[in-house]
1. What are the pairs, 6+ residues apart or on separate chains, where a residue within the stretch 57-82 that is crowded, with 17+ Cβ neighbours inside 10 Å has its Cβ under 7 Å from a residue that is modelled with pLDDT under 95?
2. Out of the residues in the stretch 308-319 that are of a type outside the set (Lys, Arg) and more than 27 Å from residue 264 (Cβ to Cβ), which is nearest to the chain's Cα centre (by Cα)?
3. Considering only residues of the stretch 314-338 that are closer than 30 Å to residue 288 by Cα and without any contact (Cβ under 8 Å) to a residue 24 or more places away in the chain, which is most open to solvent (accessible area, probe 1.4 Å)?
4. Within the stretch 198-208, work out how many residues are open to solvent by 50 Å² or more (accessible area, probe 1.4 Å) and either among the charged types (D, E, K, R) or not in a strand (DSSP E or B) (or both).
5. Taking interchain pairs and intrachain pairs at least six residues apart, which have beta carbon atoms under 8 angstrom, with the first residue in the stretch 339-350 and more than 17 Å from residue 170 (Cβ to Cβ) and the second β-branched (Val, Ile, Thr) and open to solvent by 40 Å² or more (accessible area, probe 1.4 Å)?
6. Do you know which of the residues in the stretch 185-215 that are in contact (Cβ under 8 Å) with a residue 60 or more places away in the chain and acidic (Asp, Glu) is nearest to residue 329 (Cα to Cα)?
7. Does the stretch 204-216 contain at least one residue that is in contact with a Gly (Cβ under 9 Å, 6 or more places away or on another chain) and within 26 Å of residue 280 (Cα to Cα)?
Amino acid sequence: MSRFNRRIFLKGAAAVGAGAFLESARTYARAAGANERLLVAIAGLNGRGGSHLGEYLGMSNVEVAYLIDPDANVLQKALAGVEKKTEGRQSPKGVADVRKALEDKSLDALSVATPNHWHSLMTIWGAQAGKHVYVEKPMSHDIYEGRVAVEIAKKYKVVVQHGTQRRSSAGEAGLMQAIQSGKFGKLKISYGYCCKPREGIGFKPVSDPPANLDWDLWRGPAKIDQFHANFVHYNWHWFWVTGNGDMNNQGTHELDVARWALDTSLTHPVRAMALGGRFKWKDQGETPNTMMGLAEYPNGQWVFFNVRNVNFEGYPRQVENEYYFEDGGKIVRGKYYAKGATEGEPVKVPPGKVTPGGAFGSFIAACRAGKPEMSNADALTAHMGCVLGHLMNNSYRLGTKVPFNAKAGRFGDNKDAAEHFLKLHELMRDGAGIPENDEQYVVGPWLTFDPRTERFTGEHAEAANRLLRDERRSGYELPDITPA
């Protein structure tokens, strides 16, 4: 097999079209023998990357072959940690550039825990190199690159598992199957919450990047001209060029479950909107800290989503899902309430079918078997969950400002949406202390979406379609695809 070098990555479309390389990559995405250690590289070592490392080091049949991070200090700390924890039994190579690791023919899998703007491209590069990929949520930073990742994973026949861990829960799978079977009646609204307290990030001036950071590699595909310290290492979440706000950060987990509960024939919504704002903090961040999103699917089922981050005394933390049925029943916090009932009954359903081992154990099992179908959260599943959040975010990004009051929502005759928005508004007004009419909501338009073409249609199509695909820096282009 010809060496998988940096030139192949930078060719983009040419790499995808190279028949000889395609066959090599397919062959190389192999099943490991029962007694053979599976070699893994971990990209991104802050936050979730540390969790990835801990998971793999706890597996007797896995060896961490590479640690990858553009911050030399972070990389050296992680390498020293592995040396200490394993007492020298594992000695991964440390590199700044993921492409160096992917050139290694013996490497089996890549585990991605970088900032969001890198997720899809590393998934794509990993698949092109014949490596299986575990990728943190969200798999994509925009809708188009998510579709490319789906098609490339399919083409190279590698395992892709998304970091939505609830997909690996047999209990969660059992509840989804019970809802889809009609056990509780016809599902009307599947509701997700990402309501966890956060604080503002202040302002960081434009400056030179620190000497320990390879700034060019850190920004990778993202079109960023200037460095400021709020990008590194966590607050990139709150800038559109690198993150997706809490909607597609923590919220990806709850969005994914909300979509999972819908009829199994569905792919994407046909329309979506969102409203909210970044209240109180007056900081450098761009993404909303308060948000109500809605999406309607072709069969009339809805997903509602609520982001609420502004902290206050008595803050009601909600990182969970609820389900509302056409007959008036609902499932809230693990209990089923019949219409009008004030007392709920604990929901008891049989476990559903998943590949066992949790998120990481099931991924390794699928890699060892060489069976992409064993993934509990494959690339297509990941894409559909991420698109849902992207649609809501895109509506918000195209929104206009209106006074902060209970009339801000534009829900037509959707009484359920109005009711749930009012609850959010009252919490922000009475709990967070946002003064009525003195602040402003950003209210996004209703965007219509074609699930088949994955493009916007209708009145706002031109502006919305510009948000489908981020601008990319030279050398980090996406390959051309022909959907299979």
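1. Between residues of the stretch 57-82 that are crowded, with 17+ Cβ neighbours inside 10 Å and residues that are modelled with pLDDT under 95, the close pairs are 62/37; 63/37; 74/46.
2. Checked the stretch 308-319; the qualifying residue nearest to the chain's Cα centre (by Cα) is 309.
3. Out of the qualifying residues, it is 333.
4. Of all residues in the stretch 198-208, those open to solvent by 50 Å² or more (accessible area, probe 1.4 Å) come to 199, 203-208.
Within this subset, residues satisfying the condition of being either among the charged types (D, E, K, R) or not in a strand (DSSP E or B) (or both) are 199, 203-205, 208.
Number satisfying all stated conditions: 5.
5. none
6. Applying the filter and picking the extreme gives 199.
7. No: the stretch 204-216 contains no residue that is in contact with a Gly (Cβ under 9 Å, 6 or more places away or on another chain) and within 26 Å of residue 280 (Cα to Cα).
So that you can scan it fast, the table gives a plain yes or no per residue for (1) within 21 Å of the chain's Cα centre (by Cα); (2) closer than 30 Å to residue 405 by Cβ:
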residue	(1), (2)
212	no, no
220	yes, no
238	yes, yes
245	yes, yes
272	yes, yes
292	yes, yes
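The values are calculated or read from the model by the stated rules, or taken from the named source; none is laboratory data. These figures come from a predicted structure and were not determined experimentally. Neighbour counts are summed over all protein chains in view; Cβ atoms, including those assigned to glycine, are modelled from backbone coordinates with ideal geometry. Ligands, DNA and RNA are stripped out before the accessible areas are found, and what is left, the full protein with its side chains, is counted by its heavy atoms. Shrake-Rupley method; radii C 1.70, N 1.55, O 1.52, S 1.80 Å.
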